[in-house]
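The values are calculated or read from the model by the stated rules, or taken from the named source; none is laboratory data. The model shown is predicted, which means the values in this text are computed figures rather than measured ones. In this analysis, Cβ positions are derived from the backbone assuming ideal geometry, glycine residues included, and neighbour counts consider all displayed protein chains. Ligands, DNA and RNA are excluded from the accessible area calculation, which covers all protein heavy atoms including side chains. Shrake-Rupley method; radii C 1.70, N 1.55, O 1.52, S 1.80 Å.
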Amino acid sequence: MVKVVFLHPDLGIGGAERLVIDMALALISKKHEVTIFTSHHDPTHCFSETKDGTVQVVAKFDWLPRRILGKFYALCAVMRMIFLALYIRLFVSADIYIVDQVSICVPFLKFLSNKKVLFYCHYPDMLLTERKSFLKLLYRKPLDYLEGLTTSMSDKILVNSLFTKGVVSNTFSQVKKCEVLYPSLNTSKFENGYEIVCTDVNLDSFDFVFLSLNRYERKKNINLALEAMAYVKENCSESVKCHLIVAGGYDTRVNENVEHHLELEQLSQKLDIHENTTFLRSISDTTKLFLLRNCTALIYTPSNEHFGIVPVESMYCNLPVIAVNSGGPLETVEHSVTGFLCEPSPERVGQAMLQLIEQSELKDSMGRAGKKRVQELFSFEAFTEKLHSFVMELC
């Protein structure tokens, strides 16, 4: 048995958080002792495994600011993770550390220690922000340099896709080697309680329901799903009742979530699809599962997404995926077999939606092909064995 300690900055609801929890569950299944340390964990805004005792979670230093004067998010995240790393080094015993998102804490974990650090890079943080001013450029310069340097100090670096592997290699000259560990699906949570009743939304009054499932962030390009829905409404018979459900992570502490939700509601009004659109925020696992099982298709709009676990979840639930043809979906979605890969334009996405409406038999055939693809390439068992081998290699 190996004592594994995870460090994650903010254990809310998102793809990175889902991956960390699945890593913890995989190692627990191998009889390892696992604890996730984080600077923030809200029991009302988290995955169920982190509040029902399945995974042990310890939150520290939430009193440290997340931002200063509405800015300096990255610096604050770095400071919170450094405090967390110092606390763990002083008061927590471990055989191996697993870190993700913020690499600057790595040298603090390794200082005067022979313990190994595994770093999971979802995507270089330096590529996730714009530098619109000279001051922002100066602010980011040391953070960007330290990100590359401290990432390379890890004993093993994992990434979520071949796409991300290429980006990391091109971005961090100090990183000589990284390996791919695809996020996986813990399929057991999709098998339980097949008959689910959902009170959040009624699908019975619609013929075709399309689902957008992302955090309320501008980079997720949810606007595209609304614009594609407007295209469908304009080009579809009035007798066909189509609907779009926009659902995803929403945190009132995050200004962008609040602002973007309002922007999307306003856009639906402008496009005259407000009666064809439902917005859901921070849905429960039960509601998510209900939607994945009962909608017509997933509309996945982010461009250059690092991996994207939602298309994999959708395919496992026999739900076809319409995704933008870049990033992770190029590795997960098989065009014209498990869904459609489209140029990021309302016309192209809308045409794929219309094809599913006009050829309704595609939902079943693509759904079956999608589930088979997930079982073959992204099983939790394969994920568990590969992660376990990485951990044992470092111990």
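Taking all protein chains as they are arranged and a probe of 1.4 Å, the heavy atoms of L271 leave approximately 60 Å² accessible to solvent. For L226, L64, L86, the ranking by accessible surface with the largest value first comes to L86, L64, L226, using a 1.4 Å probe. Based on C-alpha pairs under 8 angstrom that are at least 6 apart in sequence, the chain has a relative contact order of 14 percent. Charge dipole of segment 1-144 (Cα centre as origin; +1 on each Lys and Arg Cβ, -1 on each Asp and Glu Cβ, all else neutral): 560 debye, rounded to the nearest 20.
Going by alpha carbons, how many degrees (0 to 90, nearest 10) lie between the helix axis of 361-377 and the longest principal axis of the chain? The answer is roughly 10 degrees. Quick one: if the Förster radius is 51 Å, what FRET efficiency do V92 and S303 give, using the C-beta to C-beta distance and rounding to 0.05? Given R0 = 51 Å and the Cβ-Cβ separation, E is 0.80. Does segment 244-395 come out rounded, prolate or oblate, given a ≥ b ≥ c as the square roots of the eigenvalues of its C-alpha gyration tensor, rounded meaning a/c under 1.5 and, failing that, prolate meaning a/b above b/c? The shape class here is oblate.
Here the scattering of segment 264-339 is modelled by Debye summation over its C-alpha atoms, one equal scatterer each and no solvent; at q = 0.15, 0.23 Å⁻¹ the log10 of I(q)/I(0) is -0.60, -1.10.
For segment 204-259, the solvent-accessible area works out to 43 Å² per residue, with a probe of 1.4 Å and every protein chain left in place. Highest mobility in the GNM of the chain, judged by mean-square fluctuation with C-alpha springs under 10 Å and restricted to V117, V167, V374, is found for V167. Its Cα gyration tensor gives segment 42-81 an equivalent ellipsoid, and the semi-axes of that ellipsoid, as √(5λ) in whole Å with the largest first, are 26, 11, 8. Farthest towards the positive end of the charge dipole of the chain, among the residues L319, I21, H274, is the Cα of I21, using unit charges on the Cβ of Lys, Arg, Asp and Glu.
Accessible area per residue for segment 267-358, computed on protein heavy atoms with a 1.4 Å probe, is 34 Å².
Here's how it looks for V34: its modeled amide H is under 5 Å from those of V4, which are all 5 or more places away or on a different chain.
For the chain, the carbon plus sulfur part of the accessible surface works out to 52%, probe radius 1.4 Å. If one takes the longest principal axis of the Cα atoms in the chain, at what angle in degrees, from 0 to 90 and to the nearest 10, does the Cα axis of helix 285-294 lie? That works out to roughly 40 degrees. Accessible surface area normalised per residue over segment 30-164 is 50 Å², counting heavy atoms of protein chains with a 1.4 Å rolling probe. Comparing K51, K136, K115 in a Gaussian network model of the chain, where Cα atoms under 10 Å apart are tied by springs, the biggest mean-square fluctuation is seen for K136.
Angle check, please: helix 346-358 long axis (alpha carbons) against the longest principal axis of the chain (alpha carbons), in degrees 0 to 90, nearest 10. Rounded to the nearest ten degrees, it is 60. Note on the chain: with a GNM built from Cα contacts shorter than 10 Å, the maximum mean-square fluctuation among L162, L25, L143 falls on L143. The mean of 1/r over all distinct Cα pairs in segment 29-126, once inverted, gives the Kirkwood hydrodynamic radius of 14.8 Å. The coefficient of translational diffusion for segment 159-282, derived via Stokes-Einstein from the alpha carbon Kirkwood radius under 10 °C and 1.306 mPa s, stands at 91 µm²/s. Ranking T50, T252 from most to least accessible surface, computed with a 1.4 Å probe over the protein chains only, gives T252, T50.
Debye-formula intensities of the chain, expressed as log10 I(q)/I(0) at q = 0.10 Å⁻¹, are -0.67 (one equal scatterer per alpha-carbon, no solvent). Averaging the Cα positions of each part gives two centres, and for segment 1-71 and segment 218-276 these lie 31 Å apart.
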